[in-house]
Amino acid sequence: MSEMNIVGIAGLPRSGKDTLAKQFIEAGYFGVSLGDIVREQSRQRHVDEDNPISVANMTETANYLRQQFGADVVLRKAIEAYKEAKKEASYTGLVLYSIRTPTEVDFIRTHHGRLIWVEASDDIRYARALGFSRDGEMKNIDMDTFLAHEALQWRPKLSIPKDAQMDVAYVKENATDTIENNDDFATFEKHAQQLLQDIAK
């Protein structure tokens, strides 16, 4: 798959990763949410808990999967889904969203892809978290807990093998593009379309 046209999308919770990915999917890309892959596993792993897909449980599940099945386990599932989809249809390329590990970053950059970081302020992201939550996520979470949970993904912890963990700081540091999402949807969509046009050149 050396000729793959690949785009990665990353950002902190509620920054707008899915919203940006939708723009690429509508432009003909095949989209895979790495977060959705982990979310499905987290629902099973924490089925007896009130919040099976809280950020803390998602982080624990992702670390477990990578320790047990390899640092690229989630990425492999995404690439396999793309290969299967290409048997039935043609696509502009592949957009992977919810990038959170060095392995995923390095794969994208090795294939000369673009890695987009979606930036949004803590206050705006927190307001979005209060306004919308998936079934199984924490409800009415306070700001301190919201920030503490996402901090679990920022840098690897010494107690777990480095390759098995998320390193969102590494992801942000290696992004090729940054798009802000602190305004209304129309403004964000305009910037997204400009980015799509730039990538298509």
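Between the listed residues Gln67, Ala169, Ala192, the Cα displaced farthest toward the positive end of the dipole of the range 6-192, a dipole computed from Cβ unit charges relative to the Cα centre, is found at Gln67. Rounded to the nearest 20, the Cβ-based charge dipole of the chain about its Cα centre (Lys and Arg +1, Asp and Glu -1) stands at 520 debye.
Stretching the chain fully between Ala85 and Val47 yields a gain of 10.7 nm (0.36 nm per residue, less the alpha carbon separation). With a Förster radius of 22 Å applied to the C-beta separation of Met143 and Ala169, the computed FRET efficiency comes to 0.60.
Note on the range 6-192: dipole from Cβ charges, positive end direction compared against Val7, Tyr82, His149; the farthest Cα belongs to Tyr82.
Of the residues Asn182, Gly136, Ile124, the one whose Cα sits farthest towards the positive end of the charge dipole of the chain is Gly136 (charges of +1 on Lys and Arg Cβ, -1 on Asp and Glu Cβ, taken about the Cα centre).
Helix-only arithmetic for the chain: the sum of -39500 (n - 2.57) across DSSP H runs with n ≥ 4, divided by the residue total, places the mean residue ellipticity at 222 nm at -15500 deg cm²/dmol.
Just to be sure I follow: if Rg is taken over the C-alpha atoms of the chain and Rh is the Kirkwood radius over the same atoms, what is Rg/Rh? Here the Rg-to-Rh quotient is 0.95. The count of lysine pairs in the range 6-192 whose Cα atoms are under 19 Å apart, excluding pairs fewer than 8 places apart on the same chain, comes to 8. Using Cβ point charges alone (K and R +1, D and E -1), the dipole size of the range 79-146 about the Cα centre works out to roughly 360 debye.
Extension gain, Ile124 to Thr110: 0.36 nm times the residue separation minus the Cα-Cα distance gives 1.7 nm.
A short reminder: the numbers here are calculations on the coordinates, not readings from a lab. Keep in mind it's a predicted model, so treat the numbers as computed, not measured. Methodologically, a virtual Cβ is constructed for each residue, glycine included, from the backbone with ideal geometry; neighbour enumeration extends over all protein chains shown.
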